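We did not get these values from a lab; they are worked out from the coordinates using the rules stated. Everything numeric in this text was worked out from a predicted model, so none of it was measured. All Cβ positions, glycine included, derive from the backbone under ideal geometry; neighbour counts span all protein chains shown.
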Amino acid sequence: MENELRIFSGSSSREFAQRICSHIGVELGRSDVINFTEGNTFVRIGETVRDKDVYLVQTMGLRPNDEFTEILFWMDAFKRASASSVTLIMPYFSYAKGDKKDEPRVSIRARVCAECIELAGADRVVTMDLHSPQIQGFFKKPVDHLFALPVLCEYIRSMQMEDCVIVSPDAGYVKQARKFSSHLGIPTVIGDKTRRAHDEHAEILELIGEVKGKNCIIVDDFSISGGTLIELTEHLKDRGANRIIACLSHILLTDKGVKRVEDSVIDKVISTDTVNNPYIKQSKKIEIVSVAPLFAEAILRIHSRVSVSPLFEELPDEVIRASLRRF
């Protein structure tokens, strides 16, 4: 298998790719990325990939424009180097937020990105917790859509909290919130949220459900400014909630967002390592669990031509143990 499967990393996911390789037991492929002073990006493969199945690990997170451009150059480089197949491992897809034409004269950015990635040479895409699941339909090539839910739920179970409820920040996330509830066997509470402009501020209007005396677990796919998260936390406290933790699939908090979390009454924020976020390094309230073992298992299944779908709900014990291990 080592002779056929090769894993490489872009500039945004080197540590994540190393964790994947450690779980599989292979060496990370040699490669270089150079960013010139005028803004140009140069990528170079450091070894032969002829007739190999190549897996490129590159998230599209805190520098989405640069990271997206780099993905396109990597796809082209691998195809021109005669790789047998190229699979993009994109733990977080930033432009998934642009999934619809919700006002006149705007771009559906996620669809544009999907088409460019395919035209550049991607044969398959593996990603996690897309902002909208229907984005898989923007790609003509296969997309494996993984979920952080099983890993996050195992972390929640390890906390051994009682009298818990899952809290969805808005109606749009209710379906996924109910999956958390079903997995953990606890009720769901729904926040009624509105966003009045194209900014990072959303307003919580109402809560649907009982939270008095409960430990509340807010679930969402990501947070950037932390504004909605903190406002929802304050509403929950006003309604008599006990402990409040948040589970985010992707941690995109800015430095100001991290400070908001640190200064708030929220007890803890749990997220994954899909985005290498330097702002969270010194935070005492933010805990990271790794989903690299989950992506490693998906790569092994894809490479062995077996089904990936069992990973959507239940994970092998060794994947869970590796995911919850501190790093």
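Could you pull out every whole DSSP H run in the chain that spans at least 30 Å of Cα extent along its own axis and averages 0.5 or higher on the Kyte-Doolittle scale? Don't jump to the answer; show the numbers that get you there.
Numbers: long enough: none.
Taking the DSSP H segments of the chain (at least 30 Å long, mean hydropathy at least 0.5), we get none.
Sort PHE139, PHE16, PHE73 so that the residue with the fewest other Cβ atoms within 10 Å of its own Cβ comes first and the one with the most comes last.
Details: PHE139 19, PHE16 24, PHE73 16.
Lowest to highest Cβ neighbour count: PHE73, PHE139, PHE16.
For the range 210-265, GluC sites (Glu not before Pro) meeting the loop criterion (DSSP other than H, G, I, E, B) and having at most 13 other Cβ atoms within 10 Å: GLU210.
Which of the chymotrypsin sites (Phe, Trp or Tyr not before Pro) found in the range 21-55 are loop residues per DSSP with 16 or fewer other Cβ atoms within 10 Å of their Cβ? Write down the numbers at each step before the final one.
Details: sites: PHE36, PHE42, TYR55; in loops: PHE36.
Of the chymotrypsin sites (Phe, Trp or Tyr not before Pro), the ones in loops of the range 21-55 whose Cβ has at most 16 other Cβ atoms within 10 Å are PHE36.
Out of the range 95-144, which trypsin sites (Lys or Arg not before Pro) are coil in DSSP terms and have no more than 10 other C-beta atoms within 10 Å? Working shown, then result.
Working: sites: LYS97, LYS100, LYS101, ARG105, ARG109, ARG111, ARG124, LYS140; in loops: LYS100, LYS101, ARG105, LYS140.
Listed in order of number, the matching sites are ARG105, LYS140.
On a 26 Å Cα-Cα criterion, which of the cross-link pairs LYS100/LYS256; LYS212/LYS281; LYS141/LYS281; LYS175/LYS281; LYS175/LYS214; LYS100/LYS285 come out too long?
Details: LYS100/LYS256 29 Å; LYS212/LYS281 33 Å; LYS141/LYS281 36 Å; LYS175/LYS281 31 Å; LYS175/LYS214 21 Å; LYS100/LYS285 34 Å.
Pairs exceeding the cut-off: LYS100/LYS256; LYS212/LYS281; LYS141/LYS281; LYS175/LYS281; LYS100/LYS285.
When the helices of the chain are scored as -39500 (n - 2.57) per DSSP H run of n ≥ 4 and the total is divided over every residue, the value at 222 nm lands at -9500 deg cm²/dmol.
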